[in-house]
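Right, one structure below, let's go through it.
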Amino acid sequence: MNKQIKVLVVDDSALIRSLLSEIIRSVPDFTLVGSAPDAFVAKDMVKAYSPDVITLDVEMPKVDGLTFLDRLMKAKPTPVLMVSSLTEIGADVTLKALEIGAVDFFPKPKIDITNCIETYRSEIISKIRTVSQAKVRSKNTTINAPRSVIKFKTTEKIVAIGASTGGTVALKTVLSQMPIDSPAIVMTQHMPPGFTKTFAKNLDSISAIKVKEAEDGERLIPGCAYLAPGDHHLEVVRCGADYRIKLSTEERVSGHRPSVDVMFHSLAQIGGSNVIGVILTGMGKDGAAGMLKLLHADGITIAQDEASSVIFGMPKAAIDLGAAQMVLDVQDIPHKIVEVINTLGKEYRI
């Protein structure tokens, strides 16, 4: 018999509480321990029931979701699935919640809520189950200054990074330590439309390099990082002497659009030994097959280790496939990238 996952719903909307509660009750291995209209009721329920997962509304009266989350992560770290609004403000608040310690989020529709929630029933169930497996701790949001410099100058090298659940914080850790003269970086983070532009701006604000949401056809430039837009695959293609970005809305790959596998496969075809591929925290196996192809094309491959991953699924899949040459704590990955770049004038040995 599967272990029961105890879920607490916290939302000021009676309709959302009712809809989420009905979904949770419909799953045999989920147990609804309660539903709370505000942070004060939620606080008592956390103490009484010790839930395995909390679904938490960002916008609540009295005490807002971020304040409650911050207090929760300090007093009793618990896996949290944020329920956020599909707006630019909602995206910004949600990203702050992920920094504080929320594991993942679900965008709440603004109209026809009943039908929309029902449409995404399977996704909500999947996210709750994923979040229940996460390792949570109060997040240290201190940004470290870049500690390395690029000595080997090149416009040919590309760093490709893939991530999913827990990846917003992991990407921030990596990019905040990359020096201003880094090679071009392309990134695929599983994230819906409307959130990637805000996330790119947040990354840009803490990075020495320029970070932006990728645009179709633009040329890769050293010192810049490009984030795949939500619901678009990002590929890198060769155009004469340049590397350029190709965006598409073709079918999902490995269950995702954008897909890390799509990005890695494209780079294996045209970049090969010029590419450093990195796979970070996330559920599932997206990126594992693409990383193996990249390795076979003489690329350098790095996976985040289990101890520093919120969800070890994606890195583990790559490691189990034999695709990862190095397995590192996320804090050590940017230094290793710089070390690899600085030895490219010679033969690099693992």
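Which residues, taken from the range 4-18, are small (Gly, Ala, Ser) and either open to solvent by less than 50 Å² (accessible area, probe 1.4 Å) or in contact with a strand residue (DSSP E or B) (Cβ under 7 Å, 6 or more places away or on another chain) (or both)? Answer for the range 4-18, where residues must be small (Gly, Ala, Ser) and either open to solvent by less than 50 Å² (accessible area, probe 1.4 Å) or in contact with a strand residue (DSSP E or B) (Cβ under 7 Å, 6 or more places away or on another chain) (or both): just 13. Restricting the first member to the range 250-269 and to residues that are open to solvent by 20 Å² or more (accessible area, probe 1.4 Å), and the second to residues that are in a helix (DSSP H, G or I), the beta-carbon pairs closer than 7 Å and six or more apart or on different chains are 253/261; 253/262; 254/261; 265/290; 265/293. Selection of the range 182-205 for residues being without any contact (Cβ under 8 Å) to a residue 24 or more places away in the chain and either of a type in the set (Lys, Arg) or in a strand (DSSP E or B) (or both) yields only 201.
Put simply, of 238, 137 the only residue that is in a strand (DSSP E or B) and modelled with pLDDT under 95 is 238. Taking the criterion of being crowded, with 16+ Cβ neighbours inside 10 Å and within 16 Å of residue 247 (Cα to Cα), the residues of the range 198-217 that qualify are 213, 214. Scanning the range 19-60 for residues that are open to solvent by 30 Å² or more (accessible area, probe 1.4 Å), among the polar types (S, T, N, Q) and in a strand (DSSP E or B) yields 31, 35. The set of residues in the range 247-260 being outside any loop (DSSP other than H, G, I, E, B) and under 15 Å from the mean Cα position of the chain (by Cα) consists of 256, 260. In the range 154-210, of all residues being more than 14 Å from residue 227 (Cβ to Cβ) and of a type in the set (Asp, Glu), the one that is modelled with the highest pLDDT corresponds to 181. In the condition set (1) at pLDDT 70 or above; (2) of a type outside the set (Phe, Trp, Tyr); (3) open to solvent by less than 70 Å² (accessible area, probe 1.4 Å), residue 76 is compliant with all but (3). Just one residue in the set 169, 174 is in a helix (DSSP H, G or I), open to solvent by 10 Å² or more (accessible area, probe 1.4 Å), under 23 Å from residue 313 (Cα atoms) and of a type in the set (Val, Ile, Thr); that residue is 169. When the range 90-122 is filtered for residues that are modelled with pLDDT of 85 or more, assigned to a helix (DSSP H, G or I) and under 16 Å from the mean Cα position of the chain (by Cα), the ones remaining, listed by number, are 92, 93, 94, 95, 96, 97, 98, 99, 100. The conditions of being open to solvent by less than 30 Å² (accessible area, probe 1.4 Å), closer than 18 Å to residue 185 by Cα and assigned to a loop (DSSP other than H, G, I, E, B) are not met by residue 222. The single condition among (1) more than 20 Å from the chain's Cα centre (by Cα); (2) surrounded by 24 or more Cβ atoms within 10 Å (Cβ to Cβ); (3) of a type outside the set (Ser, Thr, Tyr) that residue 237 does not satisfy is (2).
When the residues of the range 10-68 are filtered to those that are under 24 Å from the mean Cα position of the chain (by Cα) and of a type in the set (A, V, I, L, M, F, W, C), the one that is modelled with the lowest pLDDT is 58. What about residue 304, is it modelled with pLDDT of 95 or more, open to solvent by 10 Å² or more (accessible area, probe 1.4 Å) and polar (S, T, N, Q)? No; evaluated as a whole, the condition is false for this residue.
The values are calculated or read from the model by the stated rules, or taken from the named source; none is laboratory data. Only a predicted model underlies this, so the values are computations on that prediction, with no experimental measurement involved. Virtual Cβ from ideal backbone geometry, glycine too; neighbours counted across all protein chains shown. SASA here: full protein model, heavy atoms, side chains in, ligands and nucleic acids out. Shrake-Rupley method; radii C 1.70, N 1.55, O 1.52, S 1.80 Å.
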